[in-house]
Every structure is written in structure tokens, then in C-alpha cells.
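Asker: Dropping a structure here in C-alpha cells format, bear with me for questions.
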Amino acid sequence: MTNSMNNGGTESELVPLNQIDESEKTKAEEPTESTINADINEFIVTPPDGGWGWVIVLASFMNQFILDGICYAFGSFMLEYANYFGSSAATTSALMSTLVGCYMLSAPVGSALINKFGCRPVGISGSILAAISFVVCTFSNSILTMIVLFGVFGGIGFGLMYMPAVISVSLYFEKKRPLAVGLGMCGTGVGTFVFGPTGKFLLDNMDWKGAHYIIAGIILHGCVFAALIRPLQSKHDRKLKLEQRLENRDAEAKGSLTKINGHSNGTSEKSEKIKRATSSQPNIRTGALGSRLNVGSINVYHSTNRLSGQKSVTTLTVEEAQDLKRPMYKKDIFYSGSVLNLPEYKDTSNTQDYVASIISLPAMHNKTTTNICSCLPRQITDTLSEMLDLSLLKMPAFNLIAFLSWLIMIAYLIPFAFTSVRAVQMRVESGKASFLISILGVSTMLGRLLSCVIAQIPNLRALLIHNIFLFLAGISCVVMPFCKTYIAMAVSAFGYGFFIGGHVALSPLVLVDLIGLDKLTTAYGITVLLRGVSTIIGPPIAGKIYDTFGSYDVAFFIAGGLIVFASFAFVLLELEWFKPKSHNSKT
């Protein structure tokens, strides 16, 4: 068995290191002037599962508090927009749907930018873009201009805020990831709870334009929370910095020595001390660390078979070796469940080995990625190629999941967009009507938290729990039109938010169970695009139904019916025909 081991196309036999021919082994282990040898663990980052990670969770919570709270609570602004622009319900609802839809559609681009530039600059850029869009859209003279400035650009800004909030938590946590992700997700529910009444308060005291200015200021706080996302460093980074400091000390000491030699002989004792210091530093640097400055390539040792212990050597450039710590080369970056339940983790002895085993750097596995645009950096094109790999559509199970995800998202946003508007039509006081949005937010948070707890259960049948949550969410949506009292409206809103929140949190676990961890990034990329498209068209369809029938009840019936249908259709994934071959072979 052979495997290409470097970018130049040379090959090395795939055998355990202790069986490599001595001459070949010596040749690989003796670094040249511009090459060093290193284990893969020197370049990857092992999540600390705590420490500064809890600050990252706080930053994730606050960013989701801002962007999701604003998105889902903007239903209270619908009537203001309709009255100002004189637009129909269908056209006005396109504002909110475009905002949330573009927020989802920008996920692959946001992920690619994070892979190249990191979470911090992407999150700050997203906050600035979203804040600018909220201000500029107030100068719109038509609803279509508003949709572009507010919906499209604001949605892209929110997407660039959201992806760092999600990815940074996964970078800092492995074993405690369900808890960390769950706490971060609480920002969505708390934000919706707070921004529901806040939106009503702003509209009671100023027009919608003034409210936009204040909300833009709130969005800019996302820059502060994005700045808290401190990048993790690998062992190689720390050693490189140490060596650089030693080099700087060498230069300073030599400079001091030159100055001393230029003075009187009375400083000879001080000169001798500096000489002894400078002579000892290179030995410390070379002996303990190996030369890491001015390196052209690195021989990276990595495992090729976890069970047999086989290892291989790949020669990477310094830039490629640094890519090993980039987030989008981790197969589990979008996984929100407990890694302790993954086969990939059970096959390893510790977290560090697990992290090394799930790195999917193309240069280390002889993978070729489609060069989408030669002008883009490799880290961006690698991510976009991975997330938009349409070869996954050859899997029947994924095709069904993708279609049902598209169907669900047509209905998903309708209760958030029209629950308070319908309540006002039912002559509920506007303040109490906006509080229904808050109830939706809190219940969504509770549903996600419960799902994160469930996700830690060993041997969990995630699909079964997911289907139950989805079915009950659909039923809650269907009964909303029958709710004539405020208490009944509140109960149905709580039920829908709780169960749809559980569906959202369990979706990544279902994908991993049915598609596998290797394809999770691709599955996430394609499904989030489909969800973005369906989110854009869902509320305008509901608005059109209202324009036709004069009531939102039909829209709620259709939305609930679609969700219930999807919950039954998901049961088909239990059939052997939809299961991956690897699953079938085990049974």
C-alpha cells in the first residue's frame, strides 16, 4: 500500500514507523537546512474545555442575543413598515424573511472567511456591516430598496456575526461541547425575549427610523464580543515565539557588547558576562526546540490507521502546516453533540489524538479541491469546495433530509413573523401581543437546552427524539388558529418554540448518525443554503395568503401541516435503504 506523501508527488510506504528501512528512516529524520521534523500534534490546537473558553461562550451568547433577538422579534415592526411604504402583507413580510434567509445563505462564505482570517476579524466586520445596513436602510424610498439594504446586506452582516459565534465554541470545547453550545444558544431565546418588548417600547416612543438607529448601536456591541474571541495557539506557535524572543535577546546582547567594546577597558567584567549569556542562548534554542525560524518545509508525522498504529510522513510547507489549526479542516466543527459518543473518539486514547484524527487537510490526504477562483486564497476555496460538494446528493438519505429541511424552513419563521400581528387582529393589546414573541424566544431556549442535555446520552437514537419534537412543533402550530384567548395563544406559542428549538438543536446529531462525521461539513453547507432559500419564500407566501383570505389562520394551518408531514417523512430514514452501507454492514 502506498500513499503520496508530499506536494511534490513523492511516495512513501505506508508501514509502521518501527518497520521503516533504517536508511530511509534516517533520511527522513535528519532535517535539512530548511526542513524540520515534527509530530502533527505540534501544529493542531487541543480545545482547553474551559478557561478562556467560558469567555468565548459568553461572547457567543451575546452575539446570538443580539442578532437572533433582533431577527425573530422584528415581527412587531411589520405594521410600521406596511403603513410607511403602503405595501401588502406579502411584500412587507419579505423584509424579515430576506434578513433571516441571507443570514443563512452567507454561512458558507462566513465559514470560508473564518478559515482564512479567523473568528475575530470576521465577527467584527459582520457587526459593522449589519449596523451600517440598519442605518442606511432608513433612507429607502420604496419597500424594494428597503429589502435590499436592510434584508440582503443586514442578513449578510448577521451571517458574518453568527458563524464566529458558533465555530469559536467548537474550537474551545470537545468533551464539554454540548453544555457550551447549549449555553451559547440561550442567547437566541433570551434575545428574543428581551427584544420583543424592547421593539414595542421603541415604537411607542419614536418612529421606526429612530428605532433603527438605536438598534444599529446595539449591533455595534457585537464588535466588542467578537474581539473577545482569542485565537488558540499550537505548540509550534508557542515554540516559534520563544525562539523569536531568544533571537531578539541575541541581537540586543550583541548590540550591548559592541557598545561596551567601544568604551574603556574598565567594563571588561560586564563584557565577559554578556559573552557568556550570548554563547549559551543558541544551545538552548537549537537543543530544546530545533531551528524553527526561516524554515521552508516541515516533515509532519501523522497517523493513517488508528487501529494498527500505522504512521506516515507528509512534507508540508510552513503555511500548509499552519493550516492544521484552522477550524474548517476539523470534521466535527459543526457537531454540537457529545464527542464521547462518536466512534472516532472511541477509537483514540485521548482528546489530542482524537483532534489529530479528524483533521482533513487536503495536502495530507491527497485530496484535490475545486479551484473556484484562482484569485482567492487556498483556505477559502478549500472551505467553499467542501461545504458545496454536490457529490453528497448521491446519497438517498441526504436527499431526503435536504428536501425535508427545505420544507420545514418554509414554515419555521411564520409563527415568529405573524403571531403578534394575528394577536393584534384578535384585539389583544399591542404590548401583550409583542410579549408572545418573548414567549416564543424563551421556550426556544428551553427546548435547545433540553436537547443539548439529551445529546449527551450514550447510544441515543437522535432521529427518534428529533421526530417527536418536530411532530409536536407542527401540532402546536396547527392549533394556533383555534386559540382565541391570550392564555391559549401563550401556551401554543410556548409549545411551538420549545419543540422547534429541540428540532434545531438535534439536527446536527441526526446528520452525523445518518451521513457520518466525515460529511458533516458538506451536509451542513448544503442544508443551510436550502434553508436560507426556503426561509426567504416562506413568510411572503403566508403574507400572500393573508392578502387573499384576510386572515393568517390558513397560513398557520399550512405551516403546521408541513412540519407534521416532515416529521412522518423523517421516519422513512429508519429504512435500511436510506442507511449508509457502513451501517448496514454492521447489522
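The values are calculated or read from the model by the stated rules, or taken from the named source; none is laboratory data. Since the model is a prediction, treat every value here as computed from it, not as a measurement. No Cβ is skipped: glycine too gets one built from the backbone with ideal geometry, and neighbour counts run over all protein chains shown. These area figures cover heavy atoms from the full protein model, side chains too; ligands, DNA and RNA do not enter into them. Shrake-Rupley method; radii C 1.70, N 1.55, O 1.52, S 1.80 Å.
Asker: All but one of (1) open to solvent by less than 50 Å² (accessible area, probe 1.4 Å); (2) touching a helix residue (DSSP H, G or I) at 6+ places or on another chain (Cβ under 6 Å); (3) more than 30 Å from L79 (Cα to Cα) hold for S170; state the number of the condition that does not hold.
Answerer: Just one mismatch for S170, condition (2).
Asker: Tell me which of these L79 doesn't satisfy, since it passes every other one: (1) closer than 23 Å to I219 by Cα; (2) open to solvent by 30 Å² or more (accessible area, probe 1.4 Å); (3) at pLDDT 85 or above.
Answerer: (3)
Asker: For residues that are buried (at least 21 other Cβ atoms within 10 Å of the Cβ) and polar (S, T, N, Q), scanning just the stretch 173-205, find the one that is nearest to G337 (Cα to Cα).
Answerer: Only one residue fits best here, namely T188.
Asker: Which one of S507, S476 is in contact with a Pro (Cβ under 9 Å, 6 or more places away or on another chain) and either in contact (Cβ under 8 Å) with a residue 40 or more places away in the chain or open to solvent by 10 Å² or more (accessible area, probe 1.4 Å) (or both)? Even if it seems obvious, please write down each step before you answer.
Answerer: Numbers: S507 fails: in contact with a Pro (Cβ under 9 Å, 6 or more places away or on another chain).
So the residue among S507, S476 that is in contact with a Pro (Cβ under 9 Å, 6 or more places away or on another chain) and either in contact (Cβ under 8 Å) with a residue 40 or more places away in the chain or open to solvent by 10 Å² or more (accessible area, probe 1.4 Å) (or both) is S476.
Asker: Going through the stretch 510-520 one residue at a time, which ones are open to solvent by 10 Å² or more (accessible area, probe 1.4 Å) and either in a helix (DSSP H, G or I) or not small (G, A, S) (or both)? Explain how you work it out, then say what you get.
Answerer: As a first pass, look at the stretch 510-520 and keep what is open to solvent by 10 Å² or more (accessible area, probe 1.4 Å): 511-516, 518-519.
Selection gives L511, V512, D513, L514, I515, D518, K519.
Asker: For K116, only one of the following conditions fails: (1) at pLDDT below 90; (2) closer than 22 Å to E386 by Cα; (3) basic (K, R). What is its number?
Answerer: (1)
Asker: Do you know which of the residues in the stretch 194-243 that are of a type in the set (S, T, N, Q) and touching a residue at least 12 places away in the same chain (Cβ under 8 Å) is nearest to Y72 (Cα to Cα)? Give the derivation first.
Answerer: Residues of the stretch 194-243 that are of a type in the set (S, T, N, Q), as a first pass: 198, 205, 233-234.
Those still in the list that are touching a residue at least 12 places away in the same chain (Cβ under 8 Å) too: 198, 233-234.
Numbers: T198: 12, Q233: 36, S234: 39 Å.
Per the criteria, the residue is T198.
Asker: Test A165 against the stated conditions and say whether it is open to solvent by less than 10 Å² (accessible area, probe 1.4 Å), within 22 Å of R326 (Cβ to Cβ) and either among the hydrophobic types (A, V, I, L, M, F, W, C) or out of contact with any helix residue (DSSP H, G or I) (no Cβ under 9 Å at 6 or more places or on another chain) (or both).
Answerer: Details: open to solvent by less than 10 Å² (accessible area, probe 1.4 Å): yes; within 22 Å of R326 (Cβ to Cβ): yes; either among the hydrophobic types (A, V, I, L, M, F, W, C) or out of contact with any helix residue (DSSP H, G or I) (no Cβ under 9 Å at 6 or more places or on another chain) (or both): yes.
When the stated conditions are applied, A165 passes them.
Asker: Given (1) part of a helix (DSSP H, G or I); (2) open to solvent by 20 Å² or more (accessible area, probe 1.4 Å), where does G101 come up short, assuming only one miss?
Answerer: Condition not satisfied by G101: (2).
Asker: Do we have T46 as in a loop (DSSP other than H, G, I, E, B), at pLDDT below 85 and among the polar types (S, T, N, Q) here?
Answerer: When the stated conditions are applied, T46 passes them.
Asker: Those residues that are part of a loop (DSSP other than H, G, I, E, B) and either in contact with a strand residue (DSSP E or B) (Cβ under 8 Å, 6 or more places away or on another chain) or closer than 28 Å to V528 by Cα (or both), I need them from the stretch 79-98; list them, please.
Answerer: Let us first name the residues in the stretch 79-98 that are part of a loop (DSSP other than H, G, I, E, B), namely 86-88.
Correct list: empty.
Asker: Going residue by residue through the stretch 220-239, is there one that turns out to be closer than 24 Å to F435 by Cβ and hydrophobic (A, V, I, L, M, F, W, C)?
Answerer: Scanning the stretch 220-239, I find no residue that is closer than 24 Å to F435 by Cβ and hydrophobic (A, V, I, L, M, F, W, C), so the answer is no.
Asker: Do we find that A90 is of a type in the set (A, V, I, L, M, F, W, C) and open to solvent by 10 Å² or more (accessible area, probe 1.4 Å) in this structure? Step through it out loud before you land on a result.
Answerer: Values: of a type in the set (A, V, I, L, M, F, W, C): yes; open to solvent by 10 Å² or more (accessible area, probe 1.4 Å): yes.
Yes: the conditions hold for A90.
Asker: Can you tell me which residues in the stretch 537-572 are surrounded by 23 or more Cβ atoms within 10 Å (Cβ to Cβ) and not in a helix (DSSP H, G or I)?
Answerer: The answer is Y552, and nothing else.
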